[in-house]
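Derivation of every value follows stated rules applied to the coordinates shown; laboratory data play no part. Computed from a predicted structure; not experimentally measured. Don't worry about glycine lacking a Cβ; one is built from the backbone with ideal geometry, like all the others, and counts go over all protein chains shown.
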Amino acid sequence: MESSSALPVPIEQFGALKSLPLHLRQLYSEGHYEEVLELADAYLWISDAFSDSESAHAIVQYHSYALTELARFTEAEFMSRELLRRAVSRVGKAKANADMADVMSRMGRLEEGLHQLAAAMTILESCPRDPWYHAAMSSVAEAARWAELYELADKATTMPQLNAVDPMRLVIRDLQRAEALLEWGLRLDHVGRVEEAGVRFRDVIALTRPWLDPDADPESLLGSDQAMLGALLACGLAKTGQAEEARRLAASVIPDLHADSRHFDARLAHLAYGVALRSLGKYEKAARELIAAEQLCALAGAARHRLIFQFELAMVAADATPCEATRHLLAAVRAHAEQLWRLRLDRVAMLRQARRRVQLEADHATADTAAQTDPLTRLANRRGFDRRMAAVAADARAVTEQMCLLLVDVDNFKQINDGFSHAVGDDVLREIGHILRTECRASDLPARFGGDEFGVFLATDLTTATRIAARMRTVIRDHDWHKTALGLRVTVSMGLAPLLPGMTGENLFATADKHLYTAKRAGRDRLAA
């Protein structure tokens, strides 16, 4: 791979930094997965260097998708976890959960995949129905299809609010929904539920034909999308008895799909061609096409996908050579399909159980957070403070991260309560809590562990912690306290101590407390470290 200083495709060609993920999106949509992998690391380095977290997130996403399409699932799982780590919004976390569910389902780790899918769905229940929501639902639909939860996949791609979204996303939605409906219909057909299967096949035709109409918006379709739509439409036509049209359409798109290296997608065109040829009585040619489809499926498909083509091959054999042997063969394949269908129905119950488990975990986390939160200041309370201190004590023998403890006391707080009122005292504590929380970073933990006593765990070295603490003290002193009560002045004294190798939590607290009293004896409104 070329270094980031000599990119295969210069940034200037794409203009702004935001164009980097757009380039990967274009390559991915055209099926150039290896090129995505070649560029992703360099593009990610650039986005991280410029602190463009949004572009970096999208780059990691397409990197993960390309690995998934190439069936490099272990690497795809790693990138999915990186995607989850980088997600900042709730809908972003939901999409990352759904993408991970997709990868795990493809790896055969169904229970883990369903748990991730349940987590995504739980988050999305409370997210606004904006374009980001629909992007996350697209990932839910893909994960649901790979878990054979066709009902959920169909529901996830039929959101009415999507009508206002850009045409390209509408194409992707209809492609995704048509592919899920086709697989659903084939599975129904193979277990003898022919009428229900016919409904799905007709839905596939209704979804795909309008996009291939000469009057359709050509700018909404890439060539590979047109070929894939043609393959899906050909399958729907073949399974509803429109054999000649299906044969012509399938024959026209097979070369395009292979030319674009969309070999896994080409399996559907070969399937349509084979089914159409069988209907036309050309059994030998039909068998060749279905064998080709099965072999392509082996590139990235699941075992159930190969069974679909094996079933169609058994039907060709039964029609070409009607005898007891071929009837037994067809019966055996049908029995296998029925067994897999029963297992599929169990997954619906498994997802329901996973949803309940995720909800219980969320409720427990909410209750646990509430139990560790001070209701006045919304900081961690004494319980939360003690829990963090216990974690410090557990890691005392092997300090792996820099940590400092800052203790904060409000100067002359009793005089504030006595001179202004306890209500004003509460307002002072509430405002100090707000200032501490505002000045802290995500990795820090501010807490109120006593009446007017605060503690802040600062995840940094002593020099940086001293600078942060000094800023906090200054902001509190210079705050416009006259708005709280006329004539009010508030200052704080602070004691700061670093966590050193071999220290216990008690040692750390005692050292910070000693420095706090040093600050008080020196005249208050100061920091001692």
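Could you list the square roots of 5 times each eigenvalue of the Cα gyration tensor of segment 97-206, that is, the equivalent ellipsoid semi-axes, sorted largest first and rounded to whole Å? Write down the numbers at each step before the final one.
Numbers: eigenvalues 105, 76, 21 Å².
Working from the Cα gyration tensor, I get semi-axes of 23, 20, 10 Å.
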Return P(r) of segment 281-349 (all Cα-Cα pairs; 5 Å bins starting at 0; whole %; ordered from short to long distances).
-> 3, 17, 22, 21, 19, 11, 5, 2, 0
Rounded, prolate or oblate: which one fits segment 23-108, using the alpha carbon gyration tensor with axes a ≥ b ≥ c (rounded when a/c is under 1.5, else prolate when a/b beats b/c, else oblate)?
-> oblate
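Return the ratio Rg/(2.2 N^0.38 Å) for segment 166-322, where Rg is computed over Cα atoms only.
0.97
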Gain on full stretching of the segment that runs from Leu280 to Val88 - 0.36 nm per residue minus C-alpha separation | 63.6 nm
Describe numerically, in nm with one decimal, the distance between label points set 7 Å from Cα along Cα→Cβ at Ser53 and at Arg489.
-> 4.0 nm
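How much mean residue ellipticity at 222 nm does the chain get from its helices, if each DSSP H run of length 4 or more adds -39500 (n - 2.57) and you divide by all residues, to the nearest 500 deg cm²/dmol?
-22500 deg cm²/dmol
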Tell me the GluC sites (Glu not before Pro) within segment 52-159 that lie in a loop according to DSSP and have at most 14 other beta-carbon atoms within 10 Å.
-> Glu125
As straight-line cross-link partners of Lys282, the qualifying lysines (C-alpha separation under 29 Å, not fewer than 8 residues apart within one chain) are Lys239
Within 10 Å, count the other beta carbons around each residue, average over each peptide in 262-269, 353-360, and list them highest first.
-> 262-269, 353-360
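Select from the chain the helices, each a whole stretch of DSSP H, whose alpha-carbon atoms run 27 Å or more along the helix axis and whose Kyte-Doolittle mean is at least -0.5; answer none if there are none.
Details: long enough: 167-190 (34 Å, -0.19); 324-371 (70 Å, -0.46).
Those that pass (Cα extent of 27 Å or more, hydropathy at least -0.5) are 167-190, 324-371.
Just the number, please: Stokes-Einstein D of segment 382-528 in µm²/s, Kirkwood Rh from C-alpha pairs, 10 °C, 1.306 mPa s. Mind showing how you got there, number by number?
On the way: Rh = 15.5 Å.
Answer, rounded: 102 µm²/s.
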Cα pair distances of the chain binned at 10 Å [whole percent] = 4, 15, 20, 19, 14, 11, 8, 6, 2, 1, 0
Evaluate the distance, in nm, between pseudo-label points positioned 7 Å from the Cα of Ile291 and of Glu151 along their respective Cα→Cβ axes.
-> 4.0 nm
Mind listing which GluC sites (Glu not before Pro) in segment 388-479 are in a DSSP loop and have 12 or fewer other Cβ atoms within 10 Å?
-> Glu401
Please list, or write none, the lysines whose alpha carbon is within less than 30 Å of the alpha carbon of Lys520, excluding same-chain residues fewer than 8 places away.
-> Lys414, Lys483
Student exercise, segment 26-169 dipole from Lys, Arg, Asp, Glu Cβ charges, in Debye to nearest 20 = 500 debye
